[in-house]
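Accompanying notes for the structure given below.
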Amino acid sequence: MPDSARFTLSRLVSGVLRFAWDIAAPTRCRACGASLFGMSNAYLCAGCLARVQWIGKAACRGCGFPLGPHGRSRDNCGRCRGLNLPLASAFAVARYREGARDLVISLKFRWETELAAPMAELMVARLRAAGVPDLDAVLPVPLHPSRIRERGYNQSAFLADAVAKRLGLPTDHKALFRVRRTAPQALLGRADRQENIKDAFRANADLSGRRVLIVDDVMTTGATMGECARTCRQAGATRVHALAFAR
Ligand SMILES: [Zn+2]
Ligand SMILES: [Zn+2]
């Protein structure tokens, strides 16, 4: 069989298989539940995708918060201005609102770990648009072992692996670990978050001279990323950057 015929045949077979799979298990929009029948590799319907609030270049360098129409890419937001920030830079793809929030929840609580790849694709695109800093390794924000036992996995580890693969970097799953089980940051006010997460992490490795990228699904106030960065710096890391899917 000539190569071109074999290629056509394999495309036909894969098309038929995909069609059969769509009938057997139709994919649904993660936000509104609308059927995504026949839309391979889609995770949100067009309507929900259009409502995602993407974060552009004009975002705070210290915490990733969008700065509004007059902000510039090297600025800091009002809360970060004048502070000695633990993070060299911080980036997020979208606001933690409809669409983006549903993807995070599906990845985090519904075992939809296949979402890590497309989400990481967007995260790396965000980083590339800003200019990828010099990096030696990617580190996921660790979960406490008891939390991993409850949930079954650490969603940030999946994101970190997918981001690292696209950047051609190693993921270091062991460098940071969580020594304290903390209350979910989302339930707390800004001041309490700082207190809640303080001393929650330890470094398990010598990070001397290393430039690392910390990856998480959501960055709320940046307190968790900041605490991870402080821990890495204490272990010798020279630069610590942060990348989250939602902010
Ligand atoms: Zn939808
Ligand atoms: Zn900021």
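The values are calculated or read from the model by the stated rules, or taken from the named source; none is laboratory data. Keep in mind the model is a prediction, meaning the values are calculated, not measured. Glycine also receives a Cβ, built like all others from the backbone with ideal geometry; neighbour counts cover every protein chain displayed.
Go through the residues of segment 50-58 one by one and say whether even a single one is within 11 Å of ligand 2 (Cβ to nearest atom), surrounded by 11 or more Cβ atoms within 10 Å (Cβ to Cβ) and of a type outside the set (Asp, Glu).
To start, the set of residues in segment 50-58 that are within 11 Å of ligand 2 (Cβ to nearest atom) comprises none.
No, that holds for no residue.
Do you know which residues across segment 59-102 are more than 12 Å from ligand 2 (Cβ to nearest atom), within 21 Å of Met119 (Cβ to Cβ) and not aliphatic (A, V, I, L, M)? Those that are more than 12 Å from ligand 2 (Cβ to nearest atom), within 21 Å of Met119 (Cβ to Cβ) and not aliphatic (A, V, I, L, M): Arg95, Tyr96, Arg97, Glu98, Gly99, Arg101, Asp102. The helices (runs of 4 or more DSSP H) located wholly in segment 155-247 that include 3 or more residues which are within 16 Å of ligand 2 (Cβ to nearest atom) and in contact with an Asp or Glu (Cβ under 9 Å, 6 or more places away or on another chain) occupy 223-234. Quick check on segment 27-60: of everything there that is part of a strand (DSSP E or B) and out of contact with any Pro (no Cβ under 8 Å at 6 or more places or on another chain), which residue is farthest from ligand 1 (Cβ to nearest atom)? Here the answer is Trp54.
Does Gly131 satisfy the criteria of being assigned by TED's automatic domain parsing to the domain that holds Arg180, among the small types (Gly, Ala, Ser) and farther than 30 Å from Gly236 by Cβ? No, not satisfied.
Each row is one residue, and each column tells you yes or no for (1) surrounded by fewer than 17 Cβ atoms within 10 Å (Cβ to Cβ); (2) in a loop (DSSP other than H, G, I, E, B); (3) modelled with pLDDT under 90; (4) outside the structural domain of Leu169 (by TED's automatic domain parsing).
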site: Gly62; (1), (2), (3), (4): no, yes, yes, no
site: Arg74; (1), (2), (3), (4): yes, yes, yes, no
site: Asn84; (1), (2), (3), (4): yes, yes, yes, no
site: Leu103; (1), (2), (3), (4): no, no, no, no
site: Lys108; (1), (2), (3), (4): no, no, no, no
site: Glu121; (1), (2), (3), (4): yes, no, no, no
site: Val124; (1), (2), (3), (4): no, no, no, no
site: Pro142; (1), (2), (3), (4): no, yes, no, no
site: Ser146; (1), (2), (3), (4): yes, no, no, no
